[in-house]
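The structure appears right after this line, and notes come after that.
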Protein chains: 2
Amino acid sequence: MKAPNPNFTSIDPAALRDFIQAAFVSQGFAQDDARTIATLMAEADLQGSDGHGVIRLPQYMKRIRAGGINKHPDIRVVHERAAMAVVDGDNGMGHLVVSRAVDLAIEKARQCGVAWVSTRYSNHAGPASLYARKPLQHDMLGLYFAVGNANHLPPWGGTDMLLSTNPIAAGIPAGSEPPVVLDMATTVAAYGKVKAKAKRGEMMPEGWMIDRQGKPLTDPNRASEGFLLPIGDYKGYGLALVVGLLAGTLGGAAMGKEVIDFNADHVSVTNTGQAILVIDLSAFGEVSHFKGAVDTLVKDIRNSDRLPGVDRIWLPGEQSHERRQAYQAAGIPIANSLIKELEALAGDLGITPLLQGAAA
Amino acid sequence: MKAPNPNFTSIDPAALRDFIQAAFVSQGFAQDDARTIATLMAEADLQGSDGHGVIRLPQYMKRIRAGGINKHPDIRVVHERAAMAVVDGDNGMGHLVVSRAVDLAIEKARQCGVAWVSTRYSNHAGPASLYARKPLQHDMLGLYFAVGNANHLPPWGGTDMLLSTNPIAAGIPAGSEPPVVLDMATTVAAYGKVKAKAKRGEMMPEGWMIDRQGKPLTDPNRASEGFLLPIGDYKGYGLALVVGLLAGTLGGAAMGKEVIDFNADHVSVTNTGQAILVIDLSAFGEVSHFKGAVDTLVKDIRNSDRLPGVDRIWLPGEQSHERRQAYQAAGIPIANSLIKELEALAGDLGITPLLQGAAA
């Protein structure tokens, strides 16, 4: 293990996954379920979505120990037609519920060409891109929508926080190029970025948040006095609303005032909603033709003339792709402050500490 | 007919539709096809989407007379599974091609719960919201994506205009409230708004466009020296790309360098692509329950506390809804300068002038 930055330690991805799995098993989760959750959480860190990976483990454990998660959920289909289903997650971990939903959508898309599966009574499931990417290995395209787990966004012109950062993600296969993977909150900044600024003692740029008078709010320690701004002003508000209606209301999950702030409340059933649309490329013509067209477009974009001072043009998902390859080889850099927190958690849960497991 | 603003004349919606229909018939279109196109174009003006209504008639006529549109297209399904289809528009008017695609998606959604139909060899079809709204009357939800008909957007950091304003639209049923209808370009401003500023001799606000040095461009007469900015910076770039892949590449339509600027080129086949996703609410549970949940959310949003200086909070589509009702009663206000242009066109085409038809 080596780390260029002394504040970080490189952790083997498999060791990270095993540590997370052990944490869930310690709380009575079945090995299989714990493995599924741990694999997805480690995958989040592996692609650099570090706000949604192992950093969430202490919070998840707190909720599980408080009884806010069903450890043995009966995840089941409650509505179904040929190209759609609604999956009731029975308040299980979101990773399990959404995985089931995506697998079902892939199966249905193989038959019908296209399929949509909504979840209800799900929970926080980590980065949206994990699920939008899952159909890629089947030469399918994924579109994913989710209701965020805390409302930080008011309607445009308003001050009641009725909306969340409701993300959109897409995973689109390419041929020789990495897939195009978009994963974006409908707010300028995700709330996790605000918390990260506070932790580092930095100020936020103007445009991330405003206060209740509509003035720019740049001190992240005052975040509770204001709210996030949507991308494109009223457009992002409309997009956050539509994503919430698709991912929440349509499947019978929480939206608007019903959304539970899962950072503050560890017990109430969140009734989180997500939705996945899967499109089987082979239904639309030759898959190789589609992939070739994406490759050409990707190359044209990458080779575009650039604005002064711009070194490189990135495709959506390309930075995550490079990180995944680098971290797979050299380990995932985890902040030492987080490792300290995880080692304390390990003691608490009675499991092998992360660094001890990684060294084994 | 009365008009509060002396620069506008109120035109009866049916008279506007009949005028447009006559224009297409004069060029050899079948009455039925001309009627479908005219109804949709007049509907655009009726809801205030005046950049996509009768204002486009001179341009459409120019393209038709130049041979750039197939007047008698063989619009047909070229790929199909239970929940999807690809419709080849045979270079017909986009309004006809997309109408066929939406009708087919509605039919398939009734069976499968969800359906996706892509178009290829289509053309400009007017405002996205027209098509996203169409499923509403069947208690279905519509999501619409389109490739714009001219590239004005480079990748983030680049200067090659490889992307268009690729819009997203959604039509979501409510109960007693108007439906939630989103229709947004993925750029801060649509290019039509830039042209409108130039026409009125006004400057653009900073944030709409930049020049090739990356500096704000505010003079709309210099628009050709710069490009539009995406919403949320790199996020809007990613969104425009994904929308283009979904609406264009997936169905085998033009994207990137293949996109024809239909303002400058009246002859080349545009191979425009659109895509519609239709979701049948009844597959997801009680329709009345869904509509009630949307009503509640709409009311919570409208009744939100407001920022200082904000008189009212709007839902997406609410302003169009109010305009539609007002114009239906009092006529559609059409700029006198446009009427003059249309009367000249009528003379050219040998059809009854608009004002004469409206007075009849």
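The values are calculated or read from the model by the stated rules, or taken from the named source; none is laboratory data. Since the structure is predicted, the reported quantities are computational estimates derived from the model, not experimental observations. For neighbour counting, all protein chains shown are included, and Cβ atoms are generated from backbone atoms with ideal geometry for every residue, glycine included.
The figures follow:
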{"quantity": "Residue in segment B:28-40 that is in contact with a strand residue (DSSP E or B) (Cβ under 8 Å, 6 or more places away or on another chain), buried (at least 16 other Cβ atoms within 10 Å of the Cβ), at pLDDT 95 or above and closer than 25 Å to B:Ala169 by Cα present", "calculated": "no"}
{"quantity": "Residue satisfying all of: in segment A:187-241; part of a loop (DSSP other than H, G, I, E, B) and β-branched (Val, Ile, Thr); surrounded by the most Cβ atoms within 10 Å (Cβ to Cβ) among these", "calculated": "A:Ile231"}
{"quantity": "Selected residue (only one of B:Leu246, B:Leu307, B:Leu250 is over 21 Å from B:Tyr144 (Cα atoms), surrounded by 14 or more Cβ atoms within 10 Å (Cβ to Cβ) and hydrophobic (A, V, I, L, M, F, W, C))", "calculated": "B:Leu307"}
{"quantity": "Residue check for B:Leu182: touching a strand residue (DSSP E or B) at 6+ places or on another chain (Cβ under 6 Å) and more than 10 Å from chain A (Cβ to nearest Cβ)", "calculated": "no"}
{"quantity": "Residue tally, condition at the interface with chain B (Cβ under 10 Å from one of its Cβ atoms) and either free of Cβ contacts under 8 Å to residues at least 60 places away in the same chain or in a helix (DSSP H, G or I) (or both), over segment A:242-255", "calculated": "8"}
{"quantity": "Qualifying positions in segment A:80-107 - touching a Leu at 6+ places or on another chain (Cβ under 6 Å) and part of a loop (DSSP other than H, G, I, E, B)", "calculated": "none"}
{"quantity": "Matching residues, segment A:118-137, being within 14 Å of A:Leu277 (Cα to Cα) and of a type outside the set (Lys, Arg)", "calculated": "A:Ser118, A:Thr119, A:Ala128, A:Ser129, A:Leu130, A:Tyr131, A:Ala132, A:Pro135, A:Leu136"}
{"quantity": "Top-ranked residue of segment A:173-186 - restricted to ones that are within 20 Å of the chain's Cα centre (by Cα) and part of a loop (DSSP other than H, G, I, E, B), ranked as surrounded by the fewest Cβ atoms within 10 Å (Cβ to Cβ)", "calculated": "A:Pro178"}
{"quantity": "Residue within segment A:287-304 that is in contact (Cβ under 8 Å) with a residue 24 or more places away in the chain and aromatic (Phe, Trp, Tyr) present", "calculated": "yes"}
{"quantity": "Qualifying position, being assigned to a helix (DSSP H, G or I), among the β-branched types (Val, Ile, Thr) and in contact with a strand residue (DSSP E or B) (Cβ under 9 Å, 6 or more places away or on another chain), among A:Ile55, A:Ile64", "calculated": "A:Ile55"}
{"quantity": "Which numbered condition A:Asn303 fails, given (1) of a type in the set (S, T, N, Q); (2) assigned by TED's automatic domain parsing to the domain that holds A:Asn91; (3) within 30 Å of B:Gln213 (Cβ to Cβ)", "calculated": "(2)"}
{"quantity": "Total residues in segment B:96-139, condition more than 14 Å from chain A (Cβ to nearest Cβ) and either touching a residue at least 60 places away in the same chain (Cβ under 8 Å) or under 14 Å from the mean Cα position of the chain (by Cα) (or both)", "calculated": "15"}
{"quantity": "Matching residues in segment B:270-315 - criterion: being part of a loop (DSSP other than H, G, I, E, B) and either at positive phi or facing chain A (nearest Cβ under 7 Å) (or both)", "calculated": "B:Asn271, B:Gly285, B:Ser304, B:Asp305, B:Leu307, B:Pro308, B:Gly309, B:Val310, B:Ile313"}
{"quantity": "Qualifying residue in segment A:62-77 (condition: within 14 Å of chain B (Cβ to nearest Cβ) and touching a residue at least 24 places away in the same chain (Cβ under 8 Å))", "calculated": "yes"}
{"quantity": "Filter result for A:Ala83 (under 26 Å from A:Asp183 (Cβ atoms), surrounded by 17 or more Cβ atoms within 10 Å (Cβ to Cβ) and under 22 Å from the mean Cα position of the chain (by Cα))", "calculated": "no"}
{"quantity": "Leading residue by the ranking (farthest from the other protein chains (Cβ to nearest Cβ)) among those in segment A:197-224 that are under 23 Å from A:Pro167 (Cα atoms) and acidic (Asp, Glu)", "calculated": "A:Glu206"}
{"quantity": "So A:Val97, is it in contact with a strand residue (DSSP E or B) (Cβ under 6 Å, 6 or more places away or on another chain), among the aliphatic types (A, V, I, L, M) and closer than 25 Å to B:Val117 by Cβ", "calculated": "no"}
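Yes or no, residue by residue, for (1) of a type outside the set (Val, Ile, Thr); (2) closer than 29 Å to A:His124 by Cβ; (3) over 21 Å from the mean Cα position of the chain (by Cα):
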{"position": "A:Ala275", "(1), (2), (3)": "yes, yes, no"}
{"position": "A:Ile279", "(1), (2), (3)": "no, yes, no"}
{"position": "A:Asp305", "(1), (2), (3)": "yes, no, yes"}
{"position": "A:Pro308", "(1), (2), (3)": "yes, no, yes"}
